[in-house]
Amino acid sequence: MNFDLTQEQVMIKNMVRDFADAEIAPRAEHVDRTGEFPFDTFMKMGELGMLGLPISEEYGGAGADTISYALAVEEVGRACGSHGLSYAAAVSLGVSPFYYFGTEEQKQKWLVPLAEGKILGAFGLTEPNAGSDASGTQTTAVLEGDEWVINGSKCFITNVSYAGVCIVTAVTDRSKGSKGISAFIVPTDTPGFSTSTPYDKLGLKGSNTAEIILDNVRVPRENLIGTENEGFKQFMVTLDGGRISIGALSVGIAQAAYEASLKYAKERVQFGQSISKFQMIQQKLADMATNIELARTAVHKAAFLKDQGRPFTKEGAMAKLFASEICMRACDQAIQIHGGYGYMKEYPVERYFRDAKLMEIGEGTSEVQRIVIARQIGC
Ligand SMILES: CCCCCCCC(=O)SCCNC(=O)CCNC(=O)[C@H](O)C(C)(C)COP(=O)(O)OP(=O)(O)OC[C@H]1O[C@@H](n2cnc3c(N)ncnc32)[C@H](O)[C@@H]1OP(=O)(O)O
């Protein structure tokens, strides 16, 4: 067993950290305050090969492994949670389904420009009445001649206002429940496809989130991804991978909260000495450091298993569950260490706290992760 990163993984981590320190961290406060989506930063990420990082070179990607991708998400998230969520969603949900399930023709047409960062992709699964119960999809797709006609709506869709293409799930055989759902490629300029005004959220304000309205959207028959009625399993597999990236993003946000807290604790003087000398502060920092280390290890283990082609559903859910919950706790403790200043906008820890909450909800709530783990351990 070897816990060291490879030379290539270290190189990617350093490259992304340099980019994130220079281009992302300085904009974090601005995008949080204004809600502006930093589209230009994503185009730069595309030029650096970040949007196709875990995609093979033959399809325009960088051919890196999942551990490298997790490191990249962590570094972006350490610099800014909003950029981190949009980055993780763009790659894990916007690009990966084409890679996993697309035909050769679909890969050439969509995966290549997505992996090269020429366009952004989005993933439309969640609906107003189908959140945790993903099989409760109500959007429908009906084959008319050589076209699928899609009707319905999707909510909480990351990056969709800026996406060139979106994968949407729809019921193709109502009688079959979760085995009657399929996934379709929908270019966002297709007539009948529209998005709402972006949501105003608690945190992650610089990450675009909007609704999709599908009103008699017609796409060619060949825009079905993979096999008809296999959509549920396809997005379960996609979400397994996505959960690794939300785990990595949680580690990045927690790391930022920890670093800010350690710095503040060393600088802040009370009762005649730096508060980092007090054991109650030391305990909080020691717990943060320990939990972050364990969460990062869990994320890397799940990524390692995925790269080996071995089952990782359980480990991905465990990594996401643990990392998101220690992230929330670390951000809470970060505010506590900062005291009154931590509650003010002047310091970044209140932003980390608001951003962290989504980690326990997006890509499956903590409750859903526990359901997945319970089933995996044979309950
Ligand atoms: C600001 C907002 C930004 C948000 C950004 C994040 C974006 C998102 O959140 S994306 C959407 C998040 N949504 C989710 O994560 C959905 C959560 N729900 C789920 O994961 C599932 O519905 C879950 C786990 C509860 C199980 O559902 P359930 O309906 O009981 O299905 P279940 O019976 O287990 O499985 C149905 C079939 O799928 C198969 N399946 C289930 N999981 C998997 C898997 N991981 N891999 C392969 N196949 C699978 C099963 O084997 C079964 O097939 P079969 O009958 O042939 O054995």
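All of the numbers you see were taken from the coordinates with simple rules; none came from a lab. Predicted, not measured: the structure shown is a model, and the values here were computed from it. Counting neighbours? That spans all protein chains shown, and the Cβs are built from the backbone with ideal geometry, glycine included.
Qualifying trypsin sites (Lys or Arg not before Pro) in segment 304-377, where qualification requires a DSSP coil assignment and no more than 10 other C-beta atoms within 10 Å, comprise LYS345.
Remark: the VAL269-MET11 segment gains 89.1 nm on full extension, using 0.36 nm per residue and subtracting the alpha carbon distance. Relative to the longest principal axis of the Cα atoms of the chain, the long axis of helix 231-267 makes an angle of roughly 20 degrees. Helix 279-307 axis versus longest C-alpha principal axis of the chain: approximately 30°, rounded to the nearest ten.
Here the gap between ALA286 and MET1, fully extended at 0.36 nm per residue and compared with their Cα-Cα distance, gives a gain of 100.0 nm. Have a look at GLU144, GLU23, GLU259 and tell me which one the Gaussian network model of the chain (Cα, springs below 10 Å) gives the largest fluctuation. Judging by the Gaussian network model, the answer is GLU144. The aspartates and glutamates whose alpha-carbon is closer than 13 Å to the alpha-carbon of LYS345, local same-chain residues fewer than 8 away aside, are GLU29, ASP32.
Structural descriptor for segment 255-379: relative contact order 26 percent, calculated from alpha carbon pairs under 8 angstrom and at least 6 residues apart.
With Cα atoms as the point set, segment 232-376 shows a radius of gyration and Dmax of 16.9, 61 Å. Spin-label model, ILE361/GLN279: points 7 Å from Cα along the beta carbon direction are separated by 3.9 nm.
With q set to 0.12, 0.16, 0.19 Å⁻¹, the log10 of I(q)/I(0) for segment 51-207, from the Debye formula over equal scatterers at the Cα positions, is -0.55, -0.96, -1.27.
For the options GLN270, GLN336, GLN234, a Gaussian network treatment of the chain with springs between C-alpha atoms closer than 10 Å singles out GLN270 as fluctuating the most.
Based on Cα contacts under 8 Å between residues 6+ apart, the chain shows a relative contact order of 16 percent. Placing a label point 7 Å from the Cα of ASP307 along the Cα-to-Cβ line, the residues of segment 84-114 whose backbone N sits under 18 Å from it are 92. Of SER274, SER82, SER153, which has the largest mean-square fluctuation in a 10 Å C-alpha GNM of the chain? Of SER274, SER82, SER153, the most mobile in the Gaussian network model is SER274.
To test your reading of the geometry: what angle, between 0 and 90 degrees and rounded to tens, separates the Cα axis of helix 349-359 from the longest principal axis of the chain? That helix lies at roughly 40 degrees to the long axis. Taking all Cα pairs closer than 8 Å and separated by 6 or more residues, the relative contact order of segment 26-149 comes to 23 percent. The GluC sites (Glu not before Pro) of segment 28-80 that meet both conditions, a loop assignment by DSSP and at most 15 other Cβ atoms within 10 Å of the site Cβ, are GLU36.
For the pair THR34 and GLU144 in one chain, pulling the backbone fully straight at 0.36 nm per residue adds 35.2 nm over the alpha carbon distance.
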